[in-house]
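Working notes, structure below.
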Amino acid sequence: MKRFLTVALVLAIFSSVFVTACSNKSPQFQNSSASDSKDSEVTTITYWYWADNPDYSAKMQEIVREFNATNPWNIKVVAEEYPWNGGEYMNTLFTAVMGGGGPDAAAFKLTGTPLFTANNLLVKLDDYIFNWSDKDDIDTHLYEIMKDASGTDSIYVMPWNIQVLYVYYRPSMFKTAGVTVPKTYEEFLEVCKKLTRDTNGDGKIDVYGFGMRGGKGGHEPWGSFIWAHGGNFENLTTPEAIAGMQDFINLYKNGYVPPTAPTDGFQEILANFKAGKTAMMIHHIGSAKDMVKTFGDDVDAFVFPPGKNQWTSLGDTENVIFTNSKNKDAAFKWISYLATGKGQEEWCSFTRNIPVSKRVQKLPEFQNDKFMKVSIEGMPHAGIFPILDTTTDWINNTWPNTVQAALLGKITAKEAMEILQKGLWGTK
């Protein structure tokens, strides 16, 4: 049984999840009719959002102006920007809506869903989506993730744009080591071994196969190992989950990852990869521009390969409508424009986040970008960690401390998974 988040915990959980942000160009307003006339009364809705930089902010205002000028329902969106500020945005949003104010709709993080739904603040979108002509333009897998976030069988969050973790690799290193991109989890483990080499003949390893992130934030790439061996996050103490943990430990024990892996965070694994000390690392498209700047064509990516199961971590920025809104129908037209309309295409084209619209995903600019393409390929296998009142502390403290102890041989894989299970779910 999932436990709803307390108000005190919501800010911390939002700041622990990687941030994303997303755009379309086809029939924009398919549901318009003759009665949808510019002669009708203007319906004004307010929309709150955050922007990662001034350019993103200007782009959002441009999208709003275009929607206001072209939509056939005489809807006027007033978009108000609030700073993300390490997750304070979500706290500000919650406080405003709980007080009876706030916007009609807002940009949102999935991690906030239990808190907001527990307080009856979000509009249930099931009927809206069922009657929406574009509903099939979004993969059903994403709708299921929206349901998982609420712990119910209903959808309260409209998909907008996402990021998907994948494996970056150096083609030149693969060629030198005589290996190809792994198609299975077992091949991936073997490639980690073969890519670990002494390249200058001094008897010391100077290139490691994989950049392991054992420090804070490493739970997301780690999750792929657990699922690949047949485990999941519902019960971390199954034999399959423990075996996945043992694979993770073995990479360190056998020397296929840098010796600093138990405490390495994102900056460390990125620095090692860019310095040529590792042949592979896991991150998302947010690093692609910097990778190309460093390596040119000598960097590529692949989806973390399947074993018994396949999973990778999904980061998100979505949209919601609030029960306080007096213009819910108009608000849905706006957030659906961002999900599959021209707003989807323009936002994702500009920010380089992953579109949720299947139509937009097929456009040449996304298919011809190898990092965008591999992100889209990984979407059907992407998911989130359980959103519980224990999740923040588990991510920030329990996971890194426990995994570090396991990597260093202070506890066994079984003992580590029992600790992780208890820390997340409160049970062994």
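The values are calculated or read from the model by the stated rules, or taken from the named source; none is laboratory data. Model, not experiment: these values are computed from the prediction. Note that we place each Cβ from the backbone using ideal geometry, even for glycine, and neighbour counts take in every protein chain shown. Surface areas here come from the heavy atoms of the whole protein model, side chains and all, with no ligands, DNA or RNA. Shrake-Rupley method; radii C 1.70, N 1.55, O 1.52, S 1.80 Å.
Whole number in Å², please: accessible area per residue of the stretch 238-329, 1.4 Å probe, ligands, DNA and RNA not counted.
39
Charges only on Cβ, +1 for Lys and Arg, -1 for Asp and Glu: so what's the dipole of the stretch 288-353 about the Cα centre, in debye to the nearest 20?
Dipole size: approximately 380 debye.
Evaluate the Debye formula for the stretch 346-408 with equal point scatterers sitting on the alpha carbons, no solvent, and hand back log10 of I(q)/I(0) at q = 0.17, 0.22 Å⁻¹, in q order, two decimals.
-0.72, -0.83
Just report the Cα centroid separation between the stretch 293-361 and the stretch 75-120, whole Å.
Rounded to whole Å, the Cα centres lie 19 Å apart.
Beyond 26 Å between alpha-carbons counts as too far, so tell me which of K194/K422; K326/K358; K76/K362; K308/K373 fall in that bin.
Pairs exceeding 26 Å: K194/K422; K326/K358; K76/K362.
Show me the trypsin sites (Lys or Arg not before Pro) within the stretch 251-282 that DSSP assigns to loop and that have at most 13 other Cβ atoms within 10 Å of their Cβ.
none
Taking 0.36 nm per intervening residue step and subtracting the Cα-Cα distance, what contour gain separates K326 from R197 on full extension?
Working it through step by step, the gained length comes to 40.1 nm.
Rounding to the nearest 20 debye, state how big the charge dipole of the chain is about its Cα centre with +1 on each Lys and Arg Cβ and -1 on each Asp and Glu Cβ.
The calculated dipole for the chain is roughly 720 debye.
Run lengths n ≥ 4 of DSSP H only: what is the helix-derived mean residue ellipticity at 222 nm for the chain, with -39500 (n - 2.57) per run over all residues, to the nearest 500?
After summing the helix terms and dividing by residue count, I get -12000 deg cm²/dmol.
If eta is 0.692 mPa s and T is 37 °C, what Stokes-Einstein diffusion coefficient results for the chain, Kirkwood Rh from Cα pairs, in µm²/s?
Using the Kirkwood radius from Cα pairs, D works out to 146 µm²/s.
Given a 1.4 angstrom probe, I'd like the percentage of the accessible area of the stretch 46-158 that is carbon and sulfur, rounded to a whole number.
Its accessible area is 46 percent carbon and sulfur atoms.
For the stretch 284-396, with all protein chains present and a 1.4 Å probe, just round the carbon and sulfur fraction of the accessible area to a whole percent.
Its accessible area is 49 percent carbon and sulfur atoms.
I'd like the trypsin sites (Lys or Arg not before Pro) in the stretch 282-367 restricted to DSSP loop residues with at most 10 other Cβ atoms within 10 Å, sorted by number.
Hits after loop and neighbour filter: K326.
For the stretch 155-245, what does the alpha-carbon gyration tensor say about shape, rounded, prolate or oblate, given a ≥ b ≥ c as the root eigenvalues, a/c under 1.5 as rounded, and a/b over b/c as prolate?
Verdict is prolate for the stretch 155-245.
Could you list which residues have their amide H under 5 Å from that of T46, counting only those 5 or more apart in sequence or on another chain, with H placed in the peptide plane?
Correct list: V78, D104, A105.
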